[in-house]
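Heads up, the thing below is written out as structure tokens.
The values are calculated or read from the model by the stated rules, or taken from the named source; none is laboratory data. These numbers were taken from a predicted model, which means no experiment stands behind them. Counting neighbours? That spans all protein chains shown, and the Cβs are built from the backbone with ideal geometry, glycine included. SASA here: full protein model, heavy atoms, side chains in, ligands and nucleic acids out. Shrake-Rupley method; radii C 1.70, N 1.55, O 1.52, S 1.80 Å.
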Amino acid sequence: MPFALVALGLLPVASGGLRLGEVFGGPQLMPANPRFEALPAPMIVHLVSVIPFALVGAFQFSSQVRGRWPAWHRWAGRVLVLLGMATAISGLWMTLGYPLQPGSGELLYIVRVLVGAGMAVSIARGLRAIRRGDVRHHLAWMTRSYALALGAGTQVITGAVRSALSGSGSLDFDLSMTAAWAMNLAVAEYVIRHGPGGGARGSRPVELRTEVGNPA
């Protein structure tokens with residue numbers, strides 16, 4: 001699973017890395033984006049936080065990693081909570097602070113606000129759950145937050161489908177972007193309910209053997 005998740009996010013992570021390289025004086029390999037050039041701060045915060053969140057976060061869902069290196073899982077979890085919150089808040093900052101993306105419409109604007117807020121709420125609820133020793137709900141909420149963060153990876157696929165179907169209007173673009181987040185959340189909910197340790201809804205708190213209050 002971790003390597004499949006990394007593979008899904010590889011293209012947006014690579015493009016984000018190239019964009020960061022340009023900002024810090026590297027060669028310009030990406031198409032120019034006047035929105036980022038006018039106000040680079042939220043874009044920088046977003047990329048610096050979402051890239052490690054996507055890459056390191058993938059391994060947090062491995063039961064083998066959690067079992068063999070529980071201390072690493074806890075310490076990585078602490079860092080990932082901060083990175084995830086920075087990703088969500090900077091995403092909201094970009095949505096609210098930048099003009100509409102060329103070719104997009106009001107629907108995508110609203111969806112991006114909901115995604116940023118939803119990711120922040122999911123991380124907060126996941127943190128609250130693990131502080132109570134509720135491992136199942138912690139994993140469920142962190143799975144939802146990661147699914148939202150990895151939307152850019154699935155958007156590569158939905159965007160390719162839109163192009164193949166010759167959809168060129170702003171509504172087509174908005175729907176293809178929205179579909180990626182919806183697909184990710186649908187898969188996340190399926191895994192939460194039917195994957196190993198599923199059935200988070202209605203589950204009772206699980207008492208941790210490790211120190212309660214440490215994000216897992």
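Per residue, the chain exposes 54 Å² of solvent-accessible protein surface, assessed with a 1.4 angstrom probe and all protein chains in place. Label sites at ALA14 and LEU82, each approximated as a point 7 angstrom past Cα along Cα to Cβ, lie 3.0 nm apart.
Here the simple spin-label model places points 7 Å from the Cα toward Cβ, and for ARG35 and TRP75 these points are separated by 3.8 nm. Taking each residue as 0.36 nm, the span from PHE3 to SER168 lengthens on full extension beyond its C-alpha to C-alpha distance by 56.1 nm. Between ARG193 and ILE44, the simple spin-label model (points 7 angstrom out along Cα→Cβ) gives 4.4 nm. When the solvent-accessible area of segment 20-72 is split by element, carbon and sulfur atoms take up 68 percent of it, the probe being 1.4 Å. Projected onto their three principal axes, the Cα atoms of the chain cover extents of 51, 38, 29 Å, largest first. Secondary-structure-derived ellipticity at 222 nm for the chain, considering helices only, amounts to -25000 deg cm²/dmol, per-run term -39500 (n - 2.57) for DSSP H runs with n ≥ 4.
Whole-Hz Karplus values for segment 61-77 come out as 8, 7, 5, 5, 5, 5, x, 7, 10, x, 5, 4, 4, 5, 5, 4, x Hz, taken residue by residue from phi with 6.51 cos²θ - 1.76 cosθ + 1.60 and θ = phi - 60°; glycine and proline positions read x.
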